[in-house]
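For reference, the structure discussed in these notes is given below.
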């Protein structure tokens, strides 16, 4: 005998299927958008949109908290392959170039729908700067984020001076120039394949 499925269970299954299709489409659209070239954002040269978001550690951080410093804002997600390549590069750059007297900061804004996904990725990737959660996509909408990873450099006066879409090797060198880090030397750890000499 075949068990009967209730109308409520059928509706729940249909809703779950629709959500799965939508989130898969949204993820692919964001990731594929990054492959269409690095076009500057329409916000370059304009005042950066305000944001106030909760961080993974429960603090509320806003753009105003960074007034007087150059701020790098990067939008990313745990499921985004290029983002997972960019984050270690940004982490190395931050650890090598940032100290208590630095006049720049980096924040990452996760577009993940689940806090746990962003938290697990941040822990795995050892992200040393704040990870903010963009619940409701308010910040990503305000910044016109249609591809990830997407990065903005905001100067000390609160104006966007640079934007970058996607990941490419050497992004840290460009970033050093944008935030005014002098004598930056990339620390790329080349690990030879087994059998190769160093």
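No lab work stands behind these numbers, since they all come straight from the coordinates. Given the structure is predicted, the values throughout are model-derived calculations rather than measurements. Note that we place each Cβ from the backbone using ideal geometry, even for glycine, and neighbour counts take in every protein chain shown.
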task = Would you order 173, 106 from fewest to most other beta-carbon atoms within 10 Å of each residue's own beta-carbon?
result = 173, 106
request  = Can you tell me the relative contact order of the stretch 31-179? Whole percent, Cα pairs under 8 Å, sequence separation 6 or more.
outcome  = 38 percent
remark   = Once both label points are put 7 Å beyond Cα along the C-beta direction, the residue 137-residue 120 separation in nm becomes 2.3 nm
ask   = Ordered by packing density, taken as the mean number of other Cβ atoms within 10 Å over each peptide's residues, highest first, how do 121-133, 149-161 rank?
value = 149-161, 121-133
query = For the pair residue 161 and residue 67, how long in nm is the line joining their label points, each one 7 Å along Cα→Cβ?
reply = 1.9 nm
key: Rh by Kirkwood over Cα pairs, then Stokes-Einstein D for the stretch 56-198 at 1.567 mPa s and 4 °C, µm²/s   = 82 µm²/s
ask   = Once the Cβ-Cβ distance between residue 57 and residue 95 is put in as r, and R0 is 22 Å, what FRET efficiency do you end up with, to the nearest 0.05?
value = 0.75
Beta bridge orientation in the stretch 48-176: antiparallel %, DSSP, nearest 5 = 60 percent
task = Could you please rank 90, 43, 174, placing first whichever residue has the fewest other Cβ atoms within 10 Å of its Cβ?
result = 174, 43, 90
key: residue 11/residue 173 FRET efficiency (R0 45 Å; Cβ-Cβ; nearest 0.05)   = 0.25
message = Can you give me the C-alpha center-to-center distance between the stretch 174-188 and the stretch 105-135, rounded to a whole angstrom?
response = 23 Å
message = With 10 angstrom as the radius, rank 94, 184 by how many other C-beta atoms surround their C-beta, starting from the fewest.
response = 184, 94
